[in-house]
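Structure, as structure tokens:
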Amino acid sequence: MRTVEEKVMFIDEEKSADDRVMYYGKGDVFVFRTYATPLTNITNVPESDFTGRENVIFGMNIQVSFRGEKFLPSFTEGDNSMIIATDSMKNFILAHAAKYEGATMEGFLQFVAERFLDKYDHIEAVELSSDEIPYDTVKIHDGSSIVESDLVYNCSRNEYSTASVEVTRTNEGYKLTKQTGGISDLHLIKVSGSSFYGYIQDEYTQLPETNDRPLFIFLDLSWIYQDMRDGTGDNPERYVAAEQVRDIAVTVFHELYNNSIQHLINEIGLRVLQRFPQLDQIRFKTNNRTWEPVIQDIEGSKGQVHTEPRPPYGFQGFTVTRKDLENKGNK
Ligand SMILES: O=c1[nH]c(=O)c2[nH]c(=O)[nH]c2[nH]1
């Protein structure tokens, strides 16, 4: 068994100190493509009624970066002859948003990365990451009943899906060297059914033990496919939608009388890997925002009064792998 520390390191693996860091690129490239191809025919899971995305607004905040030895003289000599201006990178991404025929952010990033490598043969690798800019549907009265508008959308302030790819030029062609899907800024509160006790009690301990706390967590999740090509959504039956992972996380949170955030996220990870055999691992970054108690007993009510927690905030990082699921099954 790997230890927790090793597990986190496994993903965060840094390159050796001898490796020169050299890249450049553009961040905050905002892309709003309307009427992109809808995402349909995904595989359903019991925890979710999510069946697809209309993609009427395909909104993204993209970051791109290039790597390649040919860029070295721009740093060491001030020689810009091999530089593709980051302004041009932005224009390239926007132009290709009109050409993309697929239905996912992961697919779009891979498409753009490969087109960059086609166009500029001195780029060795392209890395692209993106945060979805989500829009919620709104309801309107159409003259006879309340229906969903297909014209007006509400810019969401909720969680958003994320994606990243790295495509590297090799002698055998372009290689997808990194690919993740994810969901970030999921803010979940469970008002009852969470405990935290049994931790070390010593001269530094002030926190009271509890068998019922209002557990408020911020979660960022990302996942890696066993075969990275499944992450593009070109075969939607093999694609994992962020909305489905969100619904699984919420269901496990609801079901599990949890001992801690650590305990909870392991169970969420195992369930996600159980539902999606095409995934190799899922990674969590979480933050504890549990409300602070103010009034714990209200006469005649099971209610309480809480307020926002004060900093500093606790956090967790954890990866759950397919091996963990297999080991659990063998116990
Ligand atoms: O779920 C939790 N895990 C911890 O490690 C921890 N530490 C703490 O003070 N509160 C909590 N909550």
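Every number here is computed from the coordinates shown, using simple stated rules; none is lab data. This one's a predicted model, so the numbers in the text were calculated from it and none came from an experiment. As a convention, Cβ positions derive from the backbone with ideal geometry for all residues, glycine included, and neighbour counts pool all protein chains shown.
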TODO: Tell me the label-point distance for the pair Asp136, Glu172, using the 7 Å Cα-to-Cβ offset, in nm and rounded to one decimal.
DONE: 4.7 nm
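Using alpha carbons only, what's the Rg to Rh ratio of the stretch 4-330 with Rh from Kirkwood? Don't skip to the answer; put the middle values down first.
On the way: Rg = 22.8 Å, Rh = 22.3 Å.
Ratio value, two decimals: 1.02.
Report the net charge of residues surrounding Gly107, where surrounding means a beta-carbon distance below 10 angstrom and charges are Lys +1, Arg +1, Asp -1, Glu -1.
Charge balance in the 10 Å sphere: -3.
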Open item on the list: If I fit a long axis through the Cα atoms of helix 261-275 and take the longest principal axis of the Cα atoms of the chain, what angle between them do I get, 0 to 90°, rounded to 10?
Closed with: 60 degrees
TODO: Give the longest segment of the chain that steers clear of GluC sites (Glu not before Pro) in DSSP loops with at most 14 neighbouring Cβ atoms within 10 Å, not counting the sites themselves.
DONE: 210-298
TODO: Once you've got the GNM for the chain with C-alpha springs shorter than 10 Å, pick whichever of Lys285, Lys119, Lys178 has the biggest mean-square fluctuation.
DONE: Lys119
Open item on the list: Around Ile140, under 12 Å between beta carbons, what's the net of Lys plus Arg minus Asp minus Glu among the other residues?
Closed with: -2
Open item on the list: Given points 7 Å out from each Cα along the Cα-Cβ axis, report the Asn211 to Asn44 separation in nanometres with one decimal.
Closed with: 3.9 nm
TODO: Report the chymotrypsin sites (Phe, Trp or Tyr not before Pro) located in the stretch 109-217 that are in a DSSP loop and have at most 15 other Cβ atoms inside 10 Å of their Cβ, or state none.
DONE: Tyr197, Tyr199, Tyr204
TODO: Lys and Arg at +1, Asp and Glu at -1: add these up for the other residues within a Cβ distance under 15 Å of Gln274 and post the number.
DONE: -1
TODO: Mind putting a number on the dipole of the stretch 4-330 about its Cα centre? Charges go on the C-beta only, +1 for Lys and Arg and -1 for Asp and Glu, and I need it in Debye to the nearest 20.
DONE: 340 debye
- [ ] Hey, could you grab the Kirkwood Rh for the stretch 27-69? Inverse mean 1/r over distinct alpha carbon pairs, Å, one decimal.
- [x] 13.0 Å
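For Asn154 and Thr37, compute 0.36 nm times the residue count separating them, minus their Cα-Cα distance, and round to one decimal in nm.
Working: separation 117, 0.36 × 117 = 42.12 nm, distance 2.01 nm.
Gain on extension, Asn154 to Thr37, equals 40.1 nm.
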- [ ] Tell me which residues come under 5 Å, amide H to amide H, from Tyr160 once H is placed; ignore anything under 5 positions away on its chain.
- [x] Ser184
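Counting other C-beta atoms within 10 Å, and keeping those with at most 12, which DSSP coil trypsin sites (Lys or Arg not before Pro) do you find in the stretch 46-109?
Working: sites: Arg53, Arg67, Lys70, Lys90, Lys99; in loops: Lys99.
Here the sparse-neighbourhood loop sites are Lys99.
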Task: the chain: most fluctuating residue of Leu221, Leu279, Leu72 per GNM, C-alpha cutoff 10 Å - done: Leu72
Open item on the list: What whole-number distance in Å separates the alpha-carbon centres of the stretch 309-330 and the stretch 214-250?
Closed with: 15 Å
Task: Residues with amide H under 5 Å from that of Ile57, placed H, sequence gap 5 or more - done: Tyr35
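Using a Förster radius of 22 Å, what is the FRET efficiency between Thr86 and Phe30 based on their Cβ-Cβ separation? Nearest 0.05, please. Could you put the intermediate results ahead of the total?
Numbers: r = 14 Å, r/R0 = 0.66.
Efficiency, rounded to the nearest 0.05: 0.95.
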